[in-house]
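In what follows, a structure is listed as structure tokens, so that the remarks can point back to it.
The values are calculated or read from the model by the stated rules, or taken from the named source; none is laboratory data. All figures in this text were calculated on a predicted structure; none of them were measured in a lab. Virtual Cβ from ideal backbone geometry, glycine too; neighbours counted across all protein chains shown. Areas reflect the complete protein model, heavy atoms only, side chains present, ligands, DNA and RNA absent. Shrake-Rupley method; radii C 1.70, N 1.55, O 1.52, S 1.80 Å.
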Amino acid sequence: MNRIANTSITRRHFVIASASAAGGLAISVAFPGLADAASIGMQAWGPETAPNEINAFLAIDPDGSILIRSPHQEMGQGAITALPMIVAEELECDWSKVKVEYASPARNLREKNVYGEMTTVGSRGVRTSWQMLLQAGASARERLIAAAAHRWNVPPSECEAANSRVTHKATGRSLDYGALAADAAKINLDKEPAIRTPDQFKLIGKRVARLDTPLKINGSAKFAIDTQVPGMVYAAVAACPVFGGKLKSVDETPAKGRRGVLQVVKLDNAVVVVADRFWRAKEALALLKPEWDVGEAGNTDSAQFAKLYRDTLDGAMVNARNDGNVDDAFGKGGKIVEAVYEAPHLAHATMEPLNATVHLQADKLEVWLGSQTPMGTIRQAAAASGLKPEQIVIHNCFLGGGFGRRSINDEMRQAILVAKDVGKPVKLVWTREEDMTHDRYRPQAAVRMKAALGADGMPTAFDARIAVGSILRSTGINKVESGIEAQAVEGFANIPYAIPSVRVGCMLKNTHVPVMFWRSVGSSQNAFFVESYIDELAQAAGQDPYKFRRALLAGKSDFLGVLDTIAVKSDWGKPLGQGRGRGIAIHECYGSIIGQVAEVTVSQKGEVKVDRVVAAVDCGHVVNPGIVEAQIQSGVIYGLSAALYGEITIKQGRVEQANFDEYQVVRLADTPKIEVYLALSGGKKWGGIGEPGTAATAPAVANAVFAATGTRVRSMPLKNIKLPGPV
Amino acid sequence: MIALTVNGKAYSLDVESETPLLWVIRDELGMTGTKFGCGIAQCGACTVHVDGEAVRSCSIQIGDVANKNITTIEGLSPDAKHPVQQAWLAEDVPQCGYCQSGQIMAAVAFLKEHPKPTDADIDANLTNICRCGTYVRIRSAIHRAAALMKT
Ligand code: FES
Ligand code: FES
């Protein structure tokens, strides 16, 4: 929190504002509707600094317009609406005068992380930045009050800020923020103000319209792929279809001489055609027949990987957790339940395929792209270009989906290498096929779970053995010498159920297939494993899955709040009829607890239709309920795509699915009715909202399929499971 | 030279006749509201209107739309006041927004055929992909737009 206080005192680029701002009438619309909404420009970035800055997050112009900078990127999750709302909460400003931009990564580099990490991963937007943003707003407001008090020669305690004006209560004098900003920026406060407590919130918690909607209904929002730089050429790329393989040779003749084709560029593991239009580059590329050196990896396939992960379950493990005495408990007899579960690789399939535009000059590199991690992007760009981080300018655009994929910028590295060869600004675009076959995938995994049930049916011991690809090793983030990474064991190591003895073992195993963060990461498969298995235990104990969970969560009021909400709202226990079933799941991740009940119908042919999903979330506090609702709906659909269809398979070392015809995703016809409820526990909890919704969907659906058919689903996706039809 | 009209403006273009309409719109005309998502008529991000009908522009060649009237998202209305756009705004549909030009163009054409759609009509006829999963709000927005268009 001190970070803000420091910056606001050491602000640069201050220009004295004119004193001409009119007094005028107070505008009393506290939370304006759409007509008076704040705004954002077609491109999300602006200049790094502004003339009338009160601190790095805030500038107020003489006309009263307020610029708020968002330290996180917009990829659909609502960051650039929710985060400015937090600043505005404390600032006491007129929301309709707010304009929002991305905070500048270059400035963040220069000013020692004044905006924090700026990563848009791990559902971190609100939960890691809320205090910093409240403080930025509060500190600015107190300076504005102090500036007014000084001008009137009265104590600041006699003045009040509201709706972009400071008023002296006794005399009724008042001044607009625009007239005070210049003075405010020069003020040093003895002490930074304390930030509000949630019971004092006025704007936070309101269903305010998203600021980016107007740009996204008329085609004006600029994504990276929309970048136009004078003199730019287009690049289409084909990387070696086997990960880790190299380019041996390519005969350029078929591309040469075609209309618009400028150059064939050979990278160590890819062929690139550069042309005056993207389509011409792509067509010429399709004519080339590159020879690849694919090595041993060229003989691998998904069946081998499945065996690798299953075999790993029988070998040595590193314990992430070992409470009580699992072996003793199993020795004591009682009912033993054991099961192996599996999950496949998944692609992110962001709607906007990866692409980057770069303009490389001798001492400067400009990049237009969609990045979830702009500070990392600067480092990657520096490495690829040979320039210094200070020479890199990242124009981060609206992201056409991220889901984790845009946290490493493979497309930018290629574009920079091509630009070195071509000497012109380059827009490099991955086709959907390139995007799907050169993703960094959700890791494949197998898990064996074993539990002993006591005489009362409740588990006395739980033993989980996890075999999964390491994300940190694959991305090069960390060698993981301990043998355990949090992503691999999340949901297991922190299993919420009261079980006296719990052991969680893990063995990380990577193949040549690159793996990475995929919306809700380890929770995306581990919630499926744990919550399906808990259902198995409930069945073995002869108990209702909701009541069984309830008993195991006794005393955890936040979990129970979520669980009871979904049970009540979904009419849990009310008969559904032939071929239909309900399944329940609850999971904690990214600081939030998500619960879902899915209702399914299974046809005589064994086809699964999800009719309804009832979700409840405890993210502690809610900044904007409209955004929370949308994110849960979004998470459910993303999770449902994976549950019904999601599967990337490998044959001869290469990905078999190349486009949406082969990698099916949920469309309107598959979309259930989705109800979202808040079950907030408040207090110190500020949970994330972008990812939790995804984690609980697969197990809720799988458990519903069990309820409808009696068939237990132990691997994903459902399209591969032969269901007998209704019981 | 191939002649066509885009958003009421006539163009004469020197491009290969097999160029997909999508890339003509984006790279020749510089209108970037129409998006590239798959290139094989699967996702609908590239949906435009050809003589009023919804068409996936990645999969139609410019030679086949010569002399026709093309409408892109930029030409749907001058001020984003088309009832479908207004409904999208009121329901706060977009998330990342990348698919939304195509969703809106598909919905506009759909509502001409189905002025009073049921959910079943919507589900059966609208097949555009949204990876952000805005489908629940798309349904509500289409019903809202239908109501707006009636009045
Ligand atoms: S880009 Fe045309 S349908 Fe996907
Ligand atoms: S809003 Fe992101 S793909 Fe539809």
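For A:SER164, the residues whose modelled amide H falls within less than 5 Å of its own, excluding neighbours fewer than 5 places apart on the same chain, are A:CYS93, A:ASP94.
A simple count of charges around A:GLN539, restricted to other residues whose Cβ falls under 15 Å of its Cβ and scoring Lys, Arg +1 and Asp, Glu -1, yields +1.
Counting DSSP beta bridges with both partners in the range A:448-589, what percentage is antiparallel, nearest 5?
Working: 6 of 14 bridges.
Expressed as a percentage, antiparallel bridges in the range A:448-589 total about 45.
For the pair the range A:274-341 and the range A:470-537, the centres of their Cα atoms are 13 angstrom apart. Put the Cα centre of the range A:357-395 next to the Cα centre of the range A:418-438 and the gap is 15 Å.
Report, in deg cm²/dmol and to the nearest 500, the calculated mean residue ellipticity at 222 nm for chain A, where each DSSP H run with n ≥ 4 adds -39500 (n - 2.57) and the sum is divided by the residue count.
Details: 20 runs with 212 residues, N = 727.
About -8500 deg cm²/dmol.
Compute the accessible area of each residue in the range B:130-144 twice, once for its chain alone and once with every protein chain present, using a 1.4 Å probe on heavy atoms, and list those whose area falls by at least 50 Å². By number: B:ARG131, B:TYR135, B:VAL136, B:ARG137, B:ARG139.
Just check the range A:46-93 against the gyration tensor rule for me: Cα atoms, a ≥ b ≥ c as the square roots of the eigenvalues, rounded for a/c under 1.5, and otherwise prolate or oblate depending on whether a/b exceeds b/c.
Details: a/c = 2.37, a/b = 1.45, b/c = 1.64.
Verdict is oblate for the range A:46-93.
Of all DSSP beta bridges confined to chain A, the antiparallel ones make up roughly 70%. Ranked by the mean number of other Cβ atoms within 10 Å of their residues, highest first, the peptides A:642-654, A:76-88 come out as A:76-88, A:642-654. For the range A:628-665, heavy-atom accessible area (probe 1.4 Å) falls by no less than 20 Å² from the chain alone to the full protein assembly at A:ALA630, A:GLN633, A:SER634, A:ILE637, A:TYR638, A:ASN659, A:PHE660, A:ASP661, A:VAL665. What the phi angles of the range A:320-329 give under the Karplus curve with 6.51, -1.76 and 1.60, with θ = phi - 60°, is a coupling list of 8, 7, 8, 9, x, 9, 5, 4, 4, 4 Hz, glycine and proline written as x.
Let me check I've understood the local charge: for B:TYR135, count other residues with C-beta under 13 angstrom from its C-beta, Lys and Arg +1, Asp and Glu -1. What total comes out? Working shown, then result.
Details: positive: A:ARG667, A:LYS673, B:ARG131, B:ARG137, B:ARG139; negative: A:ASP670, B:GLU91, B:ASP119, B:ASP123.
Charge balance near B:TYR135 sits at +1.
Residues of the range B:1-37 falling in the label zone of B:ASP64, defined by backbone nitrogen less than 19 Å from a point 7 Å along Cα to beta-carbon, are B:2-6, B:15-26, B:35-37.
Toward the positive end of the charge dipole of chain A, with +1 on the Cβ of Lys and Arg and -1 on the Cβ of Asp and Glu, the farthest Cα among A:ILE145, A:GLN73, A:GLN578 is that of A:GLN73.
Only beta bridges with both residues in the range A:11-218 are counted; by DSSP, about 65 percent of them are antiparallel. In straight-distance terms, cross-link reach from A:LYS364 covers every one of the lysines whose alpha-carbon lies under 16 Å from its own, apart from those fewer than eight places away in the same chain; here that gives A:LYS388, A:LYS420, A:LYS424.
Listed by chain and number, the lysines whose alpha-carbon sits under 24 Å from that of A:LYS332, ignoring those within fewer than 8 places in the same chain, are A:LYS450. Karplus-derived 3J(HN,Hα) values for the range A:597-610, using 6.51 cos²θ - 1.76 cosθ + 1.60 with θ = phi - 60°, are 10, 9, 10, 10, 10, 10, 6, 4, 7, x, 7, 9, 10, 8 Hz; glycine and proline are entered as x.
Normalised per residue, the accessible area of chain A is 35 Å², obtained with a 1.4 Å probe and no contribution from ligands, DNA or RNA. Computed over protein heavy atoms with a 1.4 Å probe, the accessible surface of chain B works out to 36 Å² per residue.
The overall shape of the range A:103-151, judged from the alpha-carbon gyration tensor, is oblate: a/c is not under 1.5, and a/b is no greater than b/c.
Taking B:TYR135, B:TYR98, B:TYR11 in turn, the Gaussian network model of chain B (Cα-Cα springs below 10 Å) assigns the largest fluctuation to B:TYR11.
Cross-link candidates for A:LYS722: which lysines have Cα within less than 24 Å, leaving aside residues fewer than 8 places away along the same chain? Hits, sequence-local ones excluded: A:LYS307, A:LYS605, A:LYS609, A:LYS651. In this structure, A:GLU158 and A:LYS112 have a Cβ-Cβ separation that, at R0 = 51 Å, corresponds to a calculated FRET efficiency of about 0.85.
Going from the alpha-carbon gyration tensor of the range A:11-218, what semi-axes, largest first and in whole Å, does one get by taking the root of 5 times each eigenvalue?
Equivalent ellipsoid of the range A:11-218: 26, 19, 17 Å, largest first.
Rounded to the nearest Hz, the phi-derived 3J(HN,Hα) couplings of the range A:706-717 under the Karplus curve 6.51 cos²θ - 1.76 cosθ + 1.60 (θ = phi - 60°) are 4, 4, 7, 10, x, 9, 8, 9, 10, 8, 10, x, where x marks glycine and proline.
Taking 25 Å as the limit for the C-alpha separation, the pairs A:LYS246/B:LYS35; A:LYS99/A:LYS216; A:LYS99/B:LYS81; A:LYS569/B:LYS116 exceed it in the case of A:LYS246/B:LYS35; A:LYS569/B:LYS116. For chain B, the mean residue ellipticity at 222 nm estimated from helices alone is -9500 deg cm²/dmol, where every DSSP H run of n ≥ 4 contributes -39500 (n - 2.57) and the total is divided by all residues, rounded to the nearest 500.
If you take the accessible area of B alone, add that of A alone, and subtract the area of the pair, what total do you get in Å², probe 1.4 Å, to the nearest 100?
Working: alone 7860 and 27910 Å², together 30980 Å².
The B and A chains share an interface burying roughly 4800 Å².
Comparing each chain alone with all protein chains together (probe 1.4 Å, DNA, RNA and ligands left out), the residues of the range A:190-237 losing at least 20 Å² of accessible area are A:ARG210, A:THR213, A:LYS216, A:ILE217, A:ASN218, A:GLY219, A:PHE223, A:ILE225, A:ASP226, A:GLN228, A:TYR234. What a 1.4 Å probe finds exposed on the protein assembly as shown is 50% carbon and sulfur by accessible area, rounded to a whole percent. The Cα center of the range B:25-81 and the Cα center of the range A:542-585 differ in position by 47 Å. Lys and Arg at +1, Asp and Glu at -1: add these up for the other residues within a Cβ distance under 10 Å of A:VAL154 and post the number. The answer is +2. If you sort the three axes of the alpha carbon gyration tensor as a ≥ b ≥ c, you get a/c of 1.5 or more for chain A and a/b no higher than b/c, which makes it oblate.
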